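> Handing you a structure now.
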Amino acid sequence: MKIGIIGAGAVGAACTMATLLSGCASEVVLVNRGRDRAKGMATDMGYGAPLSSTTRVSDGDYSDLAGAALVMVTVGVNEKSGGATDRSDPMGRLRLLDQNAEVYRQVIPLIVAAAPDAVLLVVTDPPDPLGHLTRQLAGHDRVLSTGTLLDSLRFRVHLGRKLNVAATDIEAQVLGEHGTSQVFHWSGARVAGVPITDALEQCGIGQGDDIRVTIENEVRYANITIIEGIGASQYGIGMVCARIAQIVLRDERAVVPIGVYNPRLGVTLSLPSIVGRTGCLQILQPPLSDGERVDLDRCIETLRQAQQRIR
């Protein structure tokens, strides 16, 4: 199956590389405003692709997206150039919304015209309100945002480090917004079926608020820490996008925290969702503690206000 990737910046490059290494697609088409950059990137990666897969990678125009099953959209102003790297700024990634909404108003109709049946994966920050806008522009529900899948992986990694266990054995999710109002689902976190609070106690680790605050801050501002080191948060999201591509193309029916439009709430946000060939098949509602419910309601209101800004 064919995948399209829009944007050949740092994130687009990471998405392309991770997708090639996964081998989940038969063809990847890279579209960029400056085609020379897309051509150079496709040529470079194409020479190495035979080491891991038979995927063909090429540059192209929007018309070359015809027949794509999935299109990743990575274009727009990033956090560093858009001034979204201040840990004390409550807007966080939402500071990029107005500029990137204008970009999406230009590119989404071109994508839909070329690949009307494709699932659209919104990668650009802030992905949740941009996912909401994309759904409106596309006129269909086959729209996903990367949402809090990466945040949830970061949550698992930090819990694993604290417990000194493999992050793969931890189930923990971040819900809501891929941004400062995100909600950490502590009450549902488990390691091998054992509640995280019990696991911490059994491992002789204190459970005070300081542990939660420390981990939440590490996750919430991980992007800024990464940008301070290498200039862009790109590799983790690239791997996440490749994994989402696998889920969609293989119709896996995997359950992941991912950004989708929730008709009951009227916003696009991340909750555990069953994902397959046509995008989100069903949203699951996890049980929440009273505090988590309050935090999620606050997050929903934040996203509603963001959506109204670009309506």
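> Name every residue in the stretch 27-45 that is farther than 20 Å from residue 67 by Cα and crowded, with 17+ Cβ neighbours inside 10 Å, in order of residue number.
Matches in the stretch 27-45: 37, 41, 45.
> Here is a further query. Return the pair list, or none, for Cβ contacts closer than 6 Å from residues in the stretch 47-71 that are at pLDDT below 95 to residues that are part of a loop (DSSP other than H, G, I, E, B) and of a type in the set (Ser, Thr, Tyr), at least 6 apart or on different chains.
Pairs that qualify, where the first residue is at pLDDT below 95 and the partner is part of a loop (DSSP other than H, G, I, E, B) and of a type in the set (Ser, Thr, Tyr), are 49/55.
> From the list 308, 282, which residue is exposed (fewer than 14 other Cβ atoms within 10 Å of the Cβ), part of a strand (DSSP E or B) and not basic (Lys, Arg)?
282
> Only residues in the stretch 231-260 that are outside the structural domain of residue 83 (by TED's automatic domain parsing) count as the first member; pair them with residues that are of a type in the set (Lys, Arg) and at pLDDT below 95, Cβ under 8 angstrom, at least 6 apart or cross-chain, and list the lot.
Within 8 Å, the pairs are 231/80; 232/80.
> Can you tell me how many residues in the stretch 230-259 are assigned to a helix (DSSP H, G or I) and either in contact with a Pro (Cβ under 8 Å, 6 or more places away or on another chain) or modelled with pLDDT under 95 (or both)?
Summing the residues that are assigned to a helix (DSSP H, G or I) and either in contact with a Pro (Cβ under 8 Å, 6 or more places away or on another chain) or modelled with pLDDT under 95 (or both) in the stretch 230-259 gives 1.
> If residue 192 satisfies all but one of (1) without any contact (Cβ under 8 Å) to a residue 40 or more places away in the chain; (2) within 26 Å of residue 248 (Cβ to Cβ), what's the number of the condition it fails?
All conditions are met except number (2).
The values are calculated or read from the model by the stated rules, or taken from the named source; none is laboratory data. Remember, it's a predicted structure, so these values are computed and weren't measured experimentally. Heads up, the Cβs are rebuilt from the backbone with ideal geometry, glycines too, and the neighbour counts pull from every protein chain shown.
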